[in-house]
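First up is the structure itself, then whatever we jot down about it.
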Amino acid sequence: MTDPKLADATAYALIKQLEDDPSLTQRALSRTLGISLGKVNYCLKALAAKGWVKIRNFEKNPNKLGYAYLLTPAGLEAKARLTARFLRRKMEEYEKLQAEIEALRREVGNEKDELPLDELDQNSFLHR
């Protein structure tokens, strides 16, 4: 089963890229986002089916692969919702990471002062 958080992250990244440059090819989107070409194709079709993206083919273009992926008003609204969810999730991750850092600081006896990472002998922790 697909993780909805992952699906949101992929949709957000794809919509963000298309908003910045609607003429990006699927291959360029694949490279930029670090996902397979097939997944880009699948996601673009899903976004189009939801009415968030309009796919335009430039029929007179000698390069028959010329497409533009335009965000619709519904797509812009969806991007705003995805952005809010993405930000909320990243804030939760940040807060959990802060709590973990504080617990680790207490564990090494350095509650208030920042512990500079360059002063840690990383190997000493790994070889215990």
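Taken over segment 1-59, the residue count meeting the criterion of being farther than 22 Å from GLU77 by Cα, at pLDDT 90 or above and not polar (S, T, N, Q) is 8. State whether the residues of segment 109-120 include one that is surrounded by fewer than 10 Cβ atoms within 10 Å (Cβ to Cβ) and either modelled with pLDDT of 90 or more or touching a strand residue (DSSP E or B) at 6+ places or on another chain (Cβ under 7 Å) (or both). Among the residues of segment 109-120, not one is surrounded by fewer than 10 Cβ atoms within 10 Å (Cβ to Cβ) and either modelled with pLDDT of 90 or more or touching a strand residue (DSSP E or B) at 6+ places or on another chain (Cβ under 7 Å) (or both), which makes the answer no. Pairs are defined by a Cβ separation below 8 Å, a sequence spacing of at least 6 or placement on different chains, a first member in segment 21-35 that is in a helix (DSSP H, G or I), and a second member that is surrounded by 15 or more Cβ atoms within 10 Å (Cβ to Cβ) and small (Gly, Ala, Ser); the pairs so defined are LEU33/ALA13.
The values are calculated or read from the model by the stated rules, or taken from the named source; none is laboratory data. In this text the structure is predicted, and so the values were computed from the model without any measurement. Glycine also receives a Cβ, built like all others from the backbone with ideal geometry; neighbour counts cover every protein chain displayed.
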